[in-house]
1. Might you let me know whether the range A:173-181 holds any residue that is open to solvent by 10 Å² or more (accessible area, probe 1.4 Å) and within 14 Å of chain B (Cβ to nearest Cβ)?
2. If you go through the range B:113-129 one residue at a time, do you hit one that is open to solvent by 30 Å² or more (accessible area, probe 1.4 Å) and within 15 Å of B:P44 (Cβ to Cβ)?
3. Select from the range A:101-110 the residues that are more than 7 Å from chain B (Cβ to nearest Cβ) and assigned to a loop (DSSP other than H, G, I, E, B) and list them in ascending order.
4. Which members of the range A:269-283 meet the condition of being open to solvent by 40 Å² or more (accessible area, probe 1.4 Å) and in contact (Cβ under 8 Å) with a residue 12 or more places away in the chain?
5. Check every one of the strands (runs of 3 or more DSSP E) wholly within the range A:14-92 and list those with 2 or more residues that are out of contact with any Leu (no Cβ under 9 Å at 6 or more places or on another chain) and at pLDDT 90 or above.
6. Identify all residues within the range B:295-319 that are closer than 21 Å to B:A200 by Cβ and open to solvent by 10 Å² or more (accessible area, probe 1.4 Å); write none if there are none.
7. Within the range A:93-130, take every residue that is under 17 Å from B:L8 (Cβ atoms) and among the charged types (D, E, K, R) and give me the one that is modelled with the highest pLDDT.
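The values are calculated or read from the model by the stated rules, or taken from the named source; none is laboratory data. What you are looking at is a predicted structure, and each value in this text was computed from that prediction instead of being measured. Cβ coordinates were reconstructed from backbone atoms using ideal geometry, including for glycine residues, and neighbour counts include every protein chain displayed. Heads up: the accessible areas ignore ligands, DNA and RNA and are worked out on the full protein's heavy atoms, side chains in. Shrake-Rupley method; radii C 1.70, N 1.55, O 1.52, S 1.80 Å.
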Amino acid sequence: MDRALVVEGVTKRYGGFTAVEDLSFGARSGRILGFLGPNGAGKTTTLRMVLGLVTPTAGRISILGETDAAKVRDRIGFLPEERGLYRRMTPLSAIAFLAGLKGVAPAEARRRARVLLESQGLGEAIDKPIRSLSKGMAQKVQLLSTLAHEPELVILDEPFSGLDPVNQQSLEDLIRGLADRGATVIFSTHVMQHAERLCDQVVLMAGGRKIFDGTVESARASTPRTLTLEGVFDPTALADTPGMDNLVVSSFDGPGIRVTADLRAGTLAQDALRSAFAKGLDISRFELREPNLHDAFIVLTREGAPGR
Amino acid sequence: MIARREYLAYVRTFGFWLSLLLLPVGLSSIVLAPMAMARSAPIPNVAVIDFSSHGLQAAVARALATPGAGGKPAGRLVAAPGAPYASPGEATARLRAYLSGVRELPAGGRLDAAAILRPEGDSVAIDFWSRAVSNQVLQTTVGDAVKDALRRDRLEKQGLDPKTISGIDSLAPTISEFSPKAESGRVALKDRLPGIAGFAMGFLLWMVVLTGAGMLLNSVMEEKSSRILEVLLSSASVPEIMGGKILGVAAVTGTVLAFWMSIAGVLLAMHSPDLATDIGGILLADGRWAYFALYFVGGYLMFATLYVTIGAFCETSREAQTLLGPMMVIMSVPLLFMSQALSHPDAPLLRALTWVPLFTPFMMAARAASDPPAWEVACTALLMFSVTALELWVAIPAFKSGALATGRFTLRSFVSSLGRRPA
């Protein structure tokens with residue numbers, strides 16, 4: 001199977017409010033897809049529609065080759081945005097219980113739960129009530145509970161929220177490990193750095209609409225690099241510099257001015273600099289900055305670019 | 001699995017074991033405590049000071065010495081300390097110290113009560129002094145004894161001999177109760193058992209619904225507020241979740257009931273084997289157990305579904321309370337009328353209430369003794385299960401919608417969720 005998930009023209013309306021509008025994208029099997037967007041972008045609603053928890057107003061969803069998510073429920077692992085476990089249960093029982101719901105035999109479910117907990121450094125907490133664990137440990141337990149049945153498709157809604165940097169790194173490793181063993185991972189986040197490091201594909205959403213769908217590199221490429229020049233010179237002299245657009249002049253904590261400009265696609269930074277020096281400008285410092293996913297998201301959101 | 005988890009979650013709590021043991025211990029206390037207290041309580045000392053000219057002291061002494069329900073005499077007549085007294089007022093003044101416990105009786109012990117009998121026209125007035133003002137037994141015993149003695153005295157003065165008076169006093173009809181519904185024609189306790197069993201079953205269902213439904217509501221509410229429901233919904237269908245929870249809680253209440261009934265059965269078999277046999281016979285006769293089971297299961301399902309759905313819309317106990325209030329009002333209606341079914345099982349109002357689906361299981365159980373016609377049983381059962389099916393049809397999307405919703409419960413969100421059905 002080439003695509004673990006196909007979403008085609010999906011719309012979800014609640015009365016007069018449109019949460020998701022005409023959304024289409026696909027997730028390739030064995031890859032990591034980042035589902036990005038600010039709060040209220042429609043990410044959670046989309047994931048709930050994918051899981052069959054919410055019925056789309058229009059459109060079609062195919063998950064693991066089925067249009068009814070209930071038929072492939074046991075092959076999917078889901079971590080919701082707002083997390084919770086039975087506080088009186090032990091991590092071992094909780095993971096085994098949820099794996100059992102996915103069709104894993106009780107003895108095997110307990111064995112897998114034990115292995116997972118020990119592999120994640122939670123061996124000592126195996127038989128403690130979840131209410132006695134720290135928030136980070138409890139979140140880890142819940143994450144493991146979505147994996148104990150060894151799902152083909154793992155859907156994680158804001159998995160990094162609430163985790164400290166060490167646990168965030170640990171989660172990134174876990175997600176890479178899932179993809180390495182052939183699972184498809186879809187996770188939503190509004191923190192671009194995680195997606196930038198992990199994803200083969202990103203889908204950017206804003207206001208319920210898709211604004212980008214592609215690789216991280218192509219998202220970055222859609223955003224211009226920026227060249228910053230600092231020094232004592234007349235900024236109007238840069239106006240006709242080839243390859244530079246959107247010049248912004250500002251002051252800074254030093255002598256002279258700071259000019260920030262977008263570099264057009266295909267323009268070499270050294271050509272722009274050479275041109276500036278050729279005009280005899282007194283430039284004390286320059287910096288070329290490659291765009292990151294966050295920049296790409298800001299630009300794409302501002303432009304309201306249609307999905308590619 | 002959901003049912004098993006639900007069951008174990010409750011069984012492992014301290015509250016479960018407390019409720020399991022509390023009723024038998026409580027009931028035993030209610031029955032045994034008064035008996036033990038009566039057995040251990042000392043016989044009260046009573047002084048009778050008779051200022052009347054009727055010579056009533058002996059009659060009062062006989063009445064006090066007669067063994068009561070507990071096999072003990074109501075009181076012991078003692079000589080009035082400090083007697084004789086010139087007047088009732090003097091007697092009252094002197095006895096006060098003994099009655100208040102300041103002074104002891106000459107023979108030891110305390111004076112518990114004193115009856116000062118003084119003339120009042122043709123009759124006698126009694127000033128009854130007692131340490132235990134709430135205990136009316138002594139006062140009634142003394143009053144009745146004086147009344148009987150005065151009556152007998154008056155009749156003797158009218159020329160009746162004591163034998164005739166005793167004969168008149170013993171006149172009482174022998175009442176035998178018959179009914180065509182009684183097994184042997186003559187009504188016995190066994191014939192009243194179906195009515196009592198029906199009321200007991202109705203009341204039992206009422207209790208199970210009240211406790212079980214409360215557990216369900218809290219369980220779903222807790223799972224919603226702690227966001228577990230969303231995980232469950234991604235792993236199981238709504239009917240599986242609802243069914244699992246309902247079954248799990250049914251198993252919990254079933255365990256408690258089975259334990260209580262086993263204890264009751266054993267105690268009954270030990271102390272009243274005939275009654276135990278009669279009760280067993282009543283439940284097994286004419287498929288009555290199936291009749292009770294039908295309404296018990298139907299009633300439980302109907303209310304459990306309702307409460308599970310309500311729970312999915314609540315995140316706090318305050319929200320749940322606002323919804324439970326009206327439910328409690330509804331639940332109190334069958335409780336009011338079930339006891340009436342013991343004496344008037346076929347009263348038109350009771351028969352009418354039987355056709356209100358929410359009251360059907362209670363009223364039909366309570367009316368079991370009147371042997372409702374088969375068509376009525378079939379139609380009410382059909383109505384009850386149809387309403388439960390309708391409830392489920394409405395509850396499935398409502399449960400899903402409520403479980404995924406955030407924010408406060410509103411009637412609008414509840415009603416609008418009813419219209420949303422999964423594709």
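1. Among the residues of the range A:173-181, not one is open to solvent by 10 Å² or more (accessible area, probe 1.4 Å) and within 14 Å of chain B (Cβ to nearest Cβ), which makes the answer no.
2. Checked the range B:113-129: at least one residue is open to solvent by 30 Å² or more (accessible area, probe 1.4 Å) and within 15 Å of B:P44 (Cβ to Cβ).
3. Within the range A:101-110, A:G103, A:V104, A:A105 meet the criteria.
4. Hits for the range A:269-283 are A:D271, A:K279, A:D282.
5. Per the criteria, A:17-28, A:58-63.
6. Scanning the range B:295-319 gives B:F296, B:V297, B:Y300, B:L301.
7. A:R110
So that you can scan it fast, the table gives a plain yes or no per residue for (1) open to solvent by 20 Å² or more (accessible area, probe 1.4 Å); (2) more than 12 Å from chain B (Cβ to nearest Cβ); (3) farther than 24 Å from A:L163 by Cβ:
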| site | (1), (2), (3) |
| --- | --- |
| A:F25 | no, yes, yes |
| A:T44 | yes, no, no |
| A:M49 | no, no, yes |
| A:G52 | yes, no, yes |
| A:T57 | yes, no, yes |
| A:I76 | no, no, no |
| A:E82 | yes, no, no |
